[in-house]
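Notes to accompany the following structure.
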Amino acid sequence: MQWPWRRRKVVVVVVLRKLLTCAICVIALMGLLSVRVHVFPSSKVSDLTDPYKLPTVTQHELNYQKLSAEKKWTQELTPPHLSKEQAPPHLSKAPLSSHKLNGANGSLDFEKLWKQPSNRDFVPCVQPGSNYTAPDESRGYLLVHTNGGLNQMRAGICDMVAVARIMNATLVVPELDKRSFWQDTSNFSDVFDEDHFINALANDVNVIKKLPKDLSSATKVVMHFRSWSGLEYYRDEIASLWEEFQVIRAAKSDSRLANNHLPPDIQKLRCRACYEALRFSPKIEAMGKLLVDRMRAYGPFIALHLRYEKDMLAFSGCTHGLSDVEAEELRTIRENTAYWKIKDINATEQRSRGYCPLTPTEVGIFLTGLGYPSNTPIYIAAGEIYGGDTHMADLRSRYPILMSKEKLASVEELEPFTNHASQMAALDYIVSVESDVFIPSYSGNMARAVEGHRRFLGHRKTISPDRKALVRLFDKIEKGLLMEGRKVSNRISEIHKKLQGSPRSRRGPVSGTKGMDRFRSEEAFYVNPLPDCLCKRVSGNVNASTASMR
């Protein structure tokens, strides 16, 4: 027979054991619920595409798209008469991150990676001079057939606006190129806001949607305007054709106007056309803004224009890192594309001179060398990457948060733009202009257009790889003569210290060049609108307009 005090002791022990067990379980459960796993290792990892894909669009986002269709997608610059204290917070502060970047050595490294270059108080000044008048009475109609991809066409359209002004012509809304490599059937109104384009230029040029019916059968003269031509060519030589013809058709629009030595009002008109009048269609702007917002959910991000696409590689003859079968496929494409003049290309020499786009693998080494950690969000602004996952594997192993419009949006959301290369490129253009850092792997039309737009908006950070210098480093690494690490990183950072988009005047022709090569060697107008369309901020200077970006 047990004593009562012993029974009480046993009961107490049992109760304590149960309480202790419950406490341990509660603590363990709380620990599991409170732990957040957020690891992006720099070593090889599996394809993490799906986990980073944002949810399909919600009804709220659909409503947002509808409401934002009439809103501009670019941020307005602070008007010159406002002080820095009055500037909106998003214009005066460095980008904020929603998470700490692994691999960065504290806040100083974080600030260095994302800090924008000083704009040195340069602001847009695109308003015409006091003697600028409304367009004179039209002498005839200018038809324009644009050529090339989206950004080549954009520049050509803006130049033709200036040409129409010089010639006192009525500009018919330009036709977009439907015969280029991309075979895009888009019309002007599919890509751009046609009504806004016409209205925004009302004080500069008469613009109409279609040629009047009574002139549809009129005799037209088709002209291949001379490349990089100045004021006198259009005002005298071409305008003299009005005496015989009512309609002049420009067979091409790219590089038909000189970069430099044009009247200030003509240069400013080119900027007004490019950065005010030529905005994308409402549906493109709304979708582009949605993509930007979804990228922002990851914190500060890089837009990487990865020009590692079939057409670029075929055109440039760059085959480094490709198989013999792939190289032959590209050679065949180049051989069969009639309007590509150069057929026989030495790929090794082309690369050593810095004329090849960086490969995805080289881009990974470059970003690592700059100091960007493995969890940096990267938006791939490009079409289909040649070779797909095979050539992207190394870059993805270094930077698993590789996003694109196809990953950020659902198939249904992208359906209106699919199979229209210009419209898809416009989405990439919007995200690239709005990114915290823009890095092009090649200095093609898209890269140059985005760089110029970002300069116009306040010299946003744009890192332009010195491909010629980088190739020498990459070759040493590939041959095992140099190991990735601090030495390589310091070298890459040093090379690109002054290649981050800070203000500078547009470069003139390369010394010693003559004839057409002289004009060809000049920095293109739309790459850098300084000094023509950017001025030093002066208090009370009403001409220094912010030229709101619609």
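Laboratory data are not the source of any read-out in this text; all were calculated from the coordinates shown. Everything quoted here is computed from the prediction, not taken from an experiment. Positions of Cβ are generated from backbone atoms using ideal geometry, with glycine treated the same way; all protein chains shown enter the neighbour counts.
Normalise the Cα radius of gyration of the range 160-218 by 2.2 N^0.38 Å (N = residues in it) and let me know the number. Don't skip to the answer; put the middle values down first.
Details: Rg = 12.9 Å, N = 59, 2.2 N^0.38 = 10.4 Å.
In units of the globular-protein estimate, the range 160-218 measures up at 1.25.
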Given the Cα-Cα distance of Thr185 and Arg486 and 0.36 nm per residue of separation, how much length would full extension add, in nm?
103.4 nm
Once each part is reduced to its C-alpha centroid, what is the distance from the range 238-270 to the range 460-514 in angstrom?
37 Å
Tell me, how many Å apart are the Cα centres for the range 357-388 and for the range 392-418?
13 Å
Whole-Hz couplings from phi, Karplus 6.51/-1.76/1.60, listed for the range 410-423; x for Gly and Pro:
7, 4, 5, 5, 8, 3, x, 9, 4, 6, 10, 4, 5, 5
Taking R0 as 45 Å, what FRET efficiency do you get between Lys479 and Arg120 from their Cβ-Cβ distance, rounded to the nearest 0.05?
0.60
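So between Lys536 and Ser227, what do we pick up on full extension, going 0.36 nm a residue minus the alpha carbon distance? Mind dumping the intermediate values first?
Values: separation 309, 0.36 × 309 = 111.24 nm, distance 3.17 nm.
Taking 0.36 nm per residue and subtracting the Cα distance, the gain is 108.1 nm.
Listed highest first by mean packing, meaning other Cβ atoms within 10 Å per residue, what order do 239-252, 444-457 come in? Could you put the intermediate results ahead of the total?
Working: 239-252: 16.0, 444-457: 23.1.
Most protected by this proxy first, the peptides run 444-457, 239-252.
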Starting from the Cα of Lys220, step 7 Å along the direction of its Cβ; do the same at Asp466; then give the gap between the two resulting points in nm.
4.9 nm
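Quick check on packing: order 319-325, 373-379 by the mean number of other C-beta atoms within 10 Å, highest mean leading. Write out the running numbers ahead of the final one.
On the way: 319-325: 14.9, 373-379: 24.4.
So the order, starting with the most tightly packed, is 373-379, 319-325.
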Cα radius of gyration and Dmax for the range 141-276 (Å)
14.0, 38
How would you rank 335-345, 472-482, 221-231, highest first, on the average number of other Cβ atoms within 10 Å across their residues?
221-231, 472-482, 335-345
Grab the beta carbon distance between Arg139 and Ala327, set R0 = 45 Å, and tell me the FRET efficiency rounded to 0.05.
0.30
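Relative contact order (percent) for the range 141-276, with alpha-carbon contacts under 8 angstrom and 6 or more residues of separation?
Details: 203 pairs, mean separation 50.6, N = 136.
Result for the range 141-276 is 37 percent.
Give me the orientation-averaged projected area of the Cα convex hull of the range 387-539, in nm², one decimal.
Details: hull surface 56.1 nm².
Across all orientations, the range 387-539 yields a mean hull projection of 14.0 nm².
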Taking 8 Å as the Cα distance limit and 6 or more residues as the minimum spacing, I'd like the relative contact order of the range 227-386 as a percentage.
29 percent
